[in-house]
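One structure below.
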Ligand SMILES: Cc1cc2nc3c(=O)[nH]c(=O)nc-3n(C[C@H](O)[C@H](O)[C@H](O)COP(=O)(O)O)c2cc1C
């Protein structure tokens, strides 16, 4: 299947961001909404993107994960300052498979895998709680394999709308919006403002 137009643009911009942005070129703001309609946002790192969706990993007991369970609609917003570009992605989030999460988890540095066990994300903790938990899990796993905790996994946002924003001279901006309808992407509009 040929790559769709919005995905082609995204891949092109993402590859350029990898060179142009000194740190965290894959960082984006993830917005979720609670069952009672209250929005919240935070930065996550994009770990995979293709026509199937945009994947990030997290603690499954975190606020974002609980909100996604309550209401699967979510959005990602990338801002690449050096490139003067923004991408907005909207769609429904779904859990990645256990196999996919396992494979990614095992690719992470050992310290990150220990950190996943030690962290009780979104939960208040005392000054030394985290260090103690890191020490505990470091000793527990020793030099053996570190399995993926069942409270750690990934979400894939299956895009339904993607908007590309570019800065131009005289503070004119070009925005191009694509929408997915019946499995086909089409350009909904393009505007210069
Ligand atoms: C640069 C950067 C990258 C981050 N990447 C992730 C990530 O990939 N996954 C994650 O769960 N949290 C990540 N965080 C932490 C989140 O922003 C957030 O603090 C945490 O996930 C708890 O959010 P929640 O309580 O709304 O669920 C990152 C923070 C920063 C500043």
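Any read-out appearing in this document is the output of simple, stated calculations on the displayed coordinates, not a laboratory observation. Predicted model, so just to flag it, every value in this text is computed and none were measured. No Cβ is skipped: glycine too gets one built from the backbone with ideal geometry, and neighbour counts run over all protein chains shown.
Against the longest alpha carbon principal axis of the chain, how many degrees, from 0 to 90 and to the nearest 10, is the axis of helix 5-20 turned?
The two axes meet at around 60 degrees.
For the chain, what is the calculated [θ] at 222 nm in deg cm²/dmol (nearest 500), taking -39500 (n - 2.57) for each run of four or more DSSP H residues and dividing by its residue count?
After summing the helix terms and dividing by the residues of the chain, the value is -9000 deg cm²/dmol.
Just to be sure I understand: with springs between alpha-carbon atoms less than 10 Å apart, which residue in 77, 125, 28 has the highest mean-square fluctuation in the Gaussian network model of the chain?
So, out of 77, 125, 28, the one fluctuating most is 125.
Testing the spin-label approximation: label points 7 Å from Cα along Cα→Cβ at residue 160 and residue 51. State their distance in nm.
Going from the residue 160 label point to the residue 51 one covers 2.0 nm.
Taking 8 Å as the Cα distance limit and 6 or more residues as the minimum spacing, I'd like the relative contact order of the chain as a percentage.
22
Could you work out how far apart the two model spin labels at residue 108 and residue 120 are, taking each label as a point 7 Å from the Cα in the direction of the beta carbon, and quote it in nm?
Between residue 108 and residue 120, the label points sit 1.8 nm apart.
Subtracting the Cα-Cα distance from 0.36 nm times the residue separation, let me have the gained length for residue 15 to residue 1 in nm, one decimal.
Length gained between residue 15 and residue 1: 2.9 nm.
Quick one: angle between helix 98-107 and the longest Cα principal axis of the chain, in degrees between 0 and 90, rounded to 10, please.
Helix 98-107 sits roughly 80 degrees off the main axis of the chain.
Report the label-to-label distance for residue 38 and residue 186 in nanometres (one decimal), using points 7 Å from each Cα along the Cα→Cβ vector.
Between residue 38 and residue 186, the label points sit 4.0 nm apart.
Please compute the length gained on full extension between residue 129 and residue 169, using 0.36 nm multiplied by the number of residues separating them and subtracting their Cα-Cα distance.
So the extension gain works out to 9.3 nm.
Find how much the distance from residue 140 to residue 26 grows on full extension, using 0.36 nm per residue of separation minus their present alpha carbon separation; answer in nm with one decimal.
My answer for the length gained is 37.8 nm.
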